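The values are calculated or read from the model by the stated rules, or taken from the named source; none is laboratory data. Keep in mind that what you see is a predicted model, and the values were worked out from it rather than measured. Note that each Cβ is placed from the backbone with ideal geometry, even for glycine, and that neighbours are counted across all protein chains shown.
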Amino acid sequence: MATRRSLLFVLLAVLLAVLFWADLALGSVHIPLGEVVSTLAGQGTDAVHEEILLNLRLPRAITAVLTGAALAVAGLMMQTLFANPLADPYILGVSSGGSLGVAVVVMAASLLPIGTITNGWALIGAATAGALAVLLLVIGVSLRVRNAVSLLIVGMMFGMIAGSVVNVLQNFSNPDAIKLFVMWTFGSLGAVTWEYMRVLAPVVAAGIGLAFVLQKKLDCLLLGEHYARSLGVAVERTRVLIVLATGLLAGGVTAFVGPVAFVGIAVPHIARGLFRTASHRVLLPACVLCGGVLLLVCDLVSQLPAHTLPVNTVSALFGAPVIIWIILKRK
Amino acid sequence: MSTLSTYGLSIGYQTRQGRRVVQADLNLQLRPGELAGLIGPNGSGKSTLMRTLAGLQPPLAGRVEVAGRNLHDLPQREVARLIALVLTDRVEVDNATVRDIVTLGRYPHTRWWGGTSEADRQAVDEAIDRVHLADKSDRPLDELSDGERQRVLIARALAQDTPIILLDEPTAHLDLPNRVETMLLLHRLAQQTHKAILLSTHELDLALQAADRMWLLSADGGMTCGVPEDMVLDGSFGRVFASPNYFFNPANGNFSMNYSLHRRVSMEGEGSRLYWTLRALARAGYEVVTHADTHIRLTATAWLLDDRELPTVEALLEALGEADG
């Protein structure tokens with residue numbers, strides 16, 4: 001059992017490395033594998049290739065791995081907290097909050113004489129503020145309600161309210177602003193430059209770190225909140241920390257990449273199916289690897305057609321059949 | 001020398017309208033190596049008492065002491081090393097084996113990251129052994145029967161290595177063989193491990209056989225504790241479970257129904273044939289008296305109704321029905 005697990009981890013790590021490399025080499029401009037290595041080593045010869053590789057594809061590939069890992073880990077925590085296999089990182093309304101922030105900035109600004117806002121930091125700031133506002137409300141509620149299901153419903157209601165406000169704003173906006181907003185909701189891994197990476201990477205690292213710290217408490221929560229409490233887990237405090245970690249991961253990714261559907265709900269199931277365990281000590285690193293692999297594959301697929309597809313679309317199109325296959329394979 | 005004691009304990013709820021006291025001034029003792037059965041009608045506060053003793057709910061007054069310390073002043077992690085619980089909550093964990101679930105019981109004894117030590121693994125193996133699931137320790141939880149799942153949760157509580165185990169209705173949802181087996185298992189565990197075990201239950205007849213002491217809560221307040229046989233003989237159960245529809249039968253420790261008896265027969269016979277014939281007659285509405293117009297005599301092989309010989313109870317009841325028109 002232990003050897004099967006180690007073997008799987010090694011295989012996944014190798015797969016991640018190979019896909020990462022492929023993501024750097026492939027694209028509308030083909031760069032030979034050898035040149036990828038030499039350029040990364042700082043001995044590039046072609047200035048154009050160097051620019052494409054170091055300032056476009058490398059941050060893009062890193063973003064894919066960070067996004068996949070962050071959403072998968074956040075999804076795993078939500079599924080455990082709510083004891084619900086359909087829970088995903090956005091279930092607490094974080095992405096709705098983010099899109100509300102972006103909608104307010106993009107569309108409300110278009111009503112004012114200052115014109116359309118296209119500045120990247122403005123969109124990121126707006127998405128972060130929106131996600132953070134919903135997150136703080138949910139944490140506030142989680143301190144007051146005693147059971148997780150109420151928290152789930154409240155989170156969904158916040159999401160609904162945010163979604164409705166977005167619709168109202170769209171109703172009053174001009175087509176340019178609506179297009180900009182819709183583009184944001186498609187999600188884009190290429191939007192993250194090195195400048196943004198300096199913020200995104202630490203946020204995701206902090207969220208995943210917090211999840212690893214909570215791994216044993218998450219195991220206890222599998223038995224239900226009453227059993228967890230009887231084992232000495234401070235359930236209320238743990239719940240706040242889980243919501244906080246999820247907020248960092250889902251909120252951070254949504255702010256920089258846009259909402260990416262599906263990964264958060266699917267990858268924990270893939271990890272459980274592969275490793276056949278419920279232990280978070282195994283599932284958390286498994287989710288990091290599987291999430292990274294899945295998003296790299298999605299990114300590669302999205303670049304196959306001449307006109308690049310939004311990653312949000314590819315992830316659902318490509319990943320949903322995987323889930324159906326896993327469910328049919330079980331028994 | 002008790003493991004858990006309560007002093008002037010009042011249990012209940014603090015609501016916006018004020019305090020709702022369910023039971024007041026309870027002075028209880030749970031001793032090591034003893035299986036105690038908590039029993040009482042619905043609404044008498046069994047669950048509230050369980051939750052209060054487990055430290056999950058604060059008392060309205062008085063205190064609960066474990067090993068000489070006030071339970072409700074202790075941090076949660078300390079409580080987890082003193083009291084293990086088996087609850088009625090359904091445990092559904094995908095991909096978890098019996099061993100995985102039992103291992104979670106070691107949580108209060110491990111650090112936040114470190115895996116399980118050799119001592120932890122030994123405690124887990126021993127717990128699985130004690131509930132006779134050693135041959136199924138690597139089976140997934142969802143392949144087990146309800147009775148086996150309950151034993152897994154009991155093993156999890158054993159692995160927590162606490163001097164006290166509280167079980168909330170451990171035999172609910174089980175069929176009769178599993179109810180008997182679970183009760184017998186808990187009785188043995190209390191003797192073998194010298195843990196103090198308290199279970200709440202509705203199964204009066206099983207609890208009377210398995211429990212060393214009974215804690216009897218009554219719906220109108222008040223609690224009686226003692227060795228079960230003493231409480232049968234002094235009529236405690238009869239008083240608490242008084243009803244026009246049934247009565248506590250001290251002869252067999254069961255509840256018996258109060259049938260409306262409107263016809264009379266007289267009878268002679270002996271042994272278990274007499275006992276079961278009486279039960280059938282009572283259900284059919286016949287009161288057995290010394291002198292009646294209809295007389296039934298039991299032989300070793302048949303029932304004699306006046307002068308007719310009948311082979312079964314069914315035939316006897318039919319013949320009686322015909323005679324009454």
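Residues in the range B:264-277 that are in contact with a strand residue (DSSP E or B) (Cβ under 8 Å, 6 or more places away or on another chain) and over 20 Å from residue B:307 (Cα atoms): there are none.
Each row is one residue, and each column tells you yes or no for (1) more than 12 Å from residue B:200 (Cβ to Cβ); (2) in a loop (DSSP other than H, G, I, E, B); (3) away from chain A (no Cβ under 14 Å); (4) among the hydrophobic types (A, V, I, L, M, F, W, C).
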| site | (1), (2), (3), (4) |
| --- | --- |
| B:37 | no, no, yes, no |
| B:43 | yes, yes, yes, no |
| B:48 | no, no, yes, no |
| B:55 | yes, yes, no, no |
| B:59 | yes, yes, yes, no |
| B:79 | yes, no, no, yes |
| B:85 | no, no, no, yes |
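Against the conditions (1) more than 9 Å from chain A (Cβ to nearest Cβ); (2) at pLDDT below 90; (3) on the phi > 0 side of the Ramachandran plot, residue B:132 satisfies every one except (2).
State whether one or more residues within the range A:299-307 are in a helix (DSSP H, G or I), buried (at least 21 other Cβ atoms within 10 Å of the Cβ) and among the aliphatic types (A, V, I, L, M). No, the range A:299-307 contains no residue that is in a helix (DSSP H, G or I), buried (at least 21 other Cβ atoms within 10 Å of the Cβ) and among the aliphatic types (A, V, I, L, M). Picking from residues in the range A:266-280 that are more than 22 Å from residue A:217 (Cβ to Cβ) and of a type in the set (A, V, I, L, M, F, W, C), the one that is nearest to the other protein chains (Cβ to nearest Cβ) is A:274. Listed here are the helices (runs of 4 or more DSSP H) enclosed by the range B:176-256 that have at least 1 residues being within 18 Å of residue B:165 (Cβ to Cβ) and of a type in the set (S, T, N, Q): B:176-193. Looking at A:283, A:222, A:231, just one residue is at the interface with chain B (Cβ under 10 Å from one of its Cβ atoms) and touching a Cys at 6+ places or on another chain (Cβ under 9 Å), and that residue is A:231. With respect to the conditions (1) farther than 22 Å from residue A:97 by Cα; (2) within 14 Å of another protein chain (Cβ to nearest Cβ), residue A:241 lacks only one, and its number is (1).
Please verify whether residue A:136 is within 21 Å of the chain's Cα centre (by Cα) and either among the hydroxyl-bearing types (Ser, Thr, Tyr) or more than 27 Å from residue A:106 (Cα to Cα) (or both), treating the condition exactly as stated. Judged against the criteria, residue A:136 is not a match.
In the range A:197-283, counting only helices (runs of 4 or more DSSP H) that sit wholly within it, the ones holding 3 or more residues that are touching a residue at least 12 places away in the same chain (Cβ under 8 Å) and among the β-branched types (Val, Ile, Thr) span A:235-246, A:252-257, A:263-275. Just a yes or no: is a residue in the range B:100-121 surrounded by fewer than 16 Cβ atoms within 10 Å (Cβ to Cβ), within 14 Å of chain A (Cβ to nearest Cβ), assigned to a loop (DSSP other than H, G, I, E, B) and of a type in the set (D, E, K, R)? Yes, the range B:100-121 has at least one match.
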